[in-house]
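No value in this document is a laboratory result; all are computed from the given coordinates. The structure displayed is predicted, hence computed values, not measured ones. Note that we place each Cβ from the backbone using ideal geometry, even for glycine, and neighbour counts take in every protein chain shown.
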Amino acid sequence: MKNTPIEKELIDKTISDFKIIDFAKATIREVKAIASRAEAASGVEFIKMEMGVPGLPPSEVGVKAEIEALQKGVASLYPDINGIPELKQAASDFVKAFMNVSISPEGCVPVTGSMQGAFASFLTCTQCDEQRDTILFIDPGFPVQKQQLTVMGKKYETFDVYHFRGDKLKAKLESYLVKGNIAAIIYSNPNNPSWICLKEQELQSIGELATQYDVVVLEDLAYFGMDFREDLSGPNVPPFQPSVAHYTDNYVLLISGSKAFSYAGQRIGVTCISDKLYQRTFPGFGQRYGGGTFGTVFIHRVLYALSSGTSHSVQYAMAAMLKAAAEGSYRFLSEVRVYGERAKRLKEIFLRHGFYLVYDSDLGEPIADGFYFTIGYPGMTSGQLVQELMYYGVSAISLVTTGSEQQGLRACTSFIKEHQYELLDERMALFAENNPTRG
Ligand SMILES: Cc1ncc(COP(=O)(O)O)c(C=O)c1O
């Protein structure tokens, strides 16, 4: 057994200092803190793949528009709770241009990131009807969304989609929906953490069941258009970003400025509520608020109570980015394509040293190279692998935290620096030597 780049004792002690009993369940922040501490103590550089934050400069289109808005004095004024008209129109045009979906500007509502969009959607959906008090996750998923439900004291159910792709998805979903307690279904597409993308046939099943059982679909498009297997970058021309919106009227689209526009710091997203759902009334709203529609409750009750709207200046940034994208003058997806190039190189290194991709395909088609990918190592559990890799100065998060039942890790490409490919290659060669697999 050759010495690892970081002493095993240092990592083990740091983990025990954090009082973490099962490292497989460590949160992203804990992994980050342990990696930083071990890096400082050892002087050895870590290859950090745990955080899912953008690693690129913010969209210039957005920054320029936001500065101009600030100089005009918008900071002193409360923004319209419905969203500024420019942004509502730009979002409506954007979903038409890149998804071929028609949603009135009225239903396009700014939020302080998709995080708030999800929180407000969970609240609104679970207030429609008191029988429907549970959110269903098509996992693996973004762990914080479950934390949101825990914070608000709501229930959720979940299943790992790994064994339920394609034809199997419908029956699996139906086994939950027949019980009558599900208010909404949520998934991300492309998916955080696995980067799988649900296919049209699967979206159709979700949409048809949503109509049949009258549940809302929350389609989380945090990585809008970033399935780089297809060129989704041209406005008003196919192929479009796939969506459940083509198969049901019961949907809310969560669009984020954070990843596709590298605008995470300003906290902006747009929640796009279908025209039909926006206008619908529900018994629960009458009891709680004395009336209201899904759209008006979402905006005037829930968002108003949460943050009284979204920062005024960033709404101008998002409006400018969406508008320029839909007009074709700003190719936003070419700026983020670099994540795919990084993933390709990183995956090649891991695979060459005996790792395998955990979620590796969409109905037989290899997954895209994108923001995240998932890796496993023969014979190792998620917990063993996440800890073992720390000895080699590589930090990532365990799939356990994402609702996945598979053994492995999520690796994020956003922080990788050019010189780190070679470093990773050397370290993974050593890892493979120290951990020979059978056969
Ligand atoms: C699947 C998913 N949804 C939502 C978010 C949050 O996005 P925002 O920054 O817009 O709140 C993220 C961020 O990592 C994500 O991965």
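So who's got an amide H within less than 5 Å of the one on residue 155, skipping anything under 5 residues away but keeping other chains? H placed 1.01 Å off N, in plane.
The answer is 135.
Do the alpha carbons of any pairs in 96/154; 168/199; 8/32; 96/259; 25/172 sit beyond 22 Å of each other, and which pairs?
With Cα atoms farther than 22 Å apart: 96/154; 25/172.
Over all Cα pairs of region 342-439, how is the pair count split among 10 Å bins, expressed in % and running from 0 up to the last occupied bin?
Using 10 Å bins, I get a P(r) of 15, 52, 30, 2 for region 342-439.
Does region 185-311 come out rounded, prolate or oblate by the C-alpha gyration tensor, with a ≥ b ≥ c the root eigenvalues, rounded set by a/c under 1.5 and, if not, prolate when a/b is larger than b/c and oblate if not?
In terms of gyration-tensor shape, oblate.
Run lengths n ≥ 4 of DSSP H only: what is the helix-derived mean residue ellipticity at 222 nm for the chain, with -39500 (n - 2.57) per run over all residues, to the nearest 500?
-12000 deg cm²/dmol, from helical runs alone.
Could you tell me what percent of the DSSP beta bridges with both partners in the chain are antiparallel, to the nearest 5?
Roughly 50 percent of the beta bridges in the chain run antiparallel, per DSSP.
Tally Lys and Arg at +1 and Asp and Glu at -1 over the other residues with C-beta under 15 Å from the C-beta of residue 263: what net charge comes out?
The answer is +1.
Under the rule a/c < 1.5 gives rounded, and otherwise a/b versus b/c splits prolate from oblate, where does region 60-331 land using the Cα gyration tensor?
Taking the square roots of the gyration eigenvalues as a ≥ b ≥ c, region 60-331 is oblate.
Work out the charge dipole of region 60-331 with +1 on the Cβ of Lys and Arg and -1 on the Cβ of Asp and Glu about the Cα centre, then indicate which of 135, 248, 324 is farthest towards its positive end.
135
Going by average Cβ neighbours within 10 Å, how do the peptides 375-386, 308-319 rank, with the highest at the top?
Averaged packing, sorted descending, gives the order 308-319, 375-386.
Please compute the modelled spin-label separation between residue 45 and residue 432, points set 7 Å along Cα→Cβ, answer in nm with one decimal.
2.2 nm
Please give me, ordered by residue number, the GluC sites (Glu not before Pro) of region 373-426 that lie in loop per DSSP and have at most 11 other Cβ atoms within 10 Å.
418
Between residue 280 and residues 5 or more places away or on another chain, which pairs have amide H atoms under 5 Å apart, with H built 1.01 Å from N, and which residues are they?
Counting only residues 5 or more places away or on other chains, the set is 294, 295.
For residue 18 and residue 381, compute 0.36 nm times the residue count separating them, minus their Cα-Cα distance, and round to one decimal in nm.
Stretched out fully, the residue 18 to residue 381 stretch lengthens by 128.6 nm.
For residue 7, what residues show an amide H to amide H distance below 5 Å, using hydrogens built from the backbone and excluding near sequence neighbours?
Under 5 Å from the amide H of residue 7 lies no amide H from a residue far enough along the sequence or on another chain.
Which of the GluC sites (Glu not before Pro) found in region 207-250 are loop residues per DSSP with 15 or fewer other Cβ atoms within 10 Å of their Cβ?
Qualifying residues, ordered by number: 230.
Magnitude of the Cβ-charge dipole of region 60-331, K/R +1 and D/E -1, about the Cα centre, nearest 20 debye?
The calculated dipole for region 60-331 is roughly 420 debye.
Whole-Hz ³J(HN,Hα) for each residue in region 27-34, computed from phi via Karplus 6.51 cos²θ - 1.76 cosθ + 1.60 with θ = phi - 60°, x for glycine and proline: what do you get?
7, 4, 5, 5, 4, 4, 5, 5
Quick check: net charge around residue 155, other residues with Cβ under 11 Å of its Cβ, Lys/Arg +1 and Asp/Glu -1?
Net of charged neighbours comes to +1.
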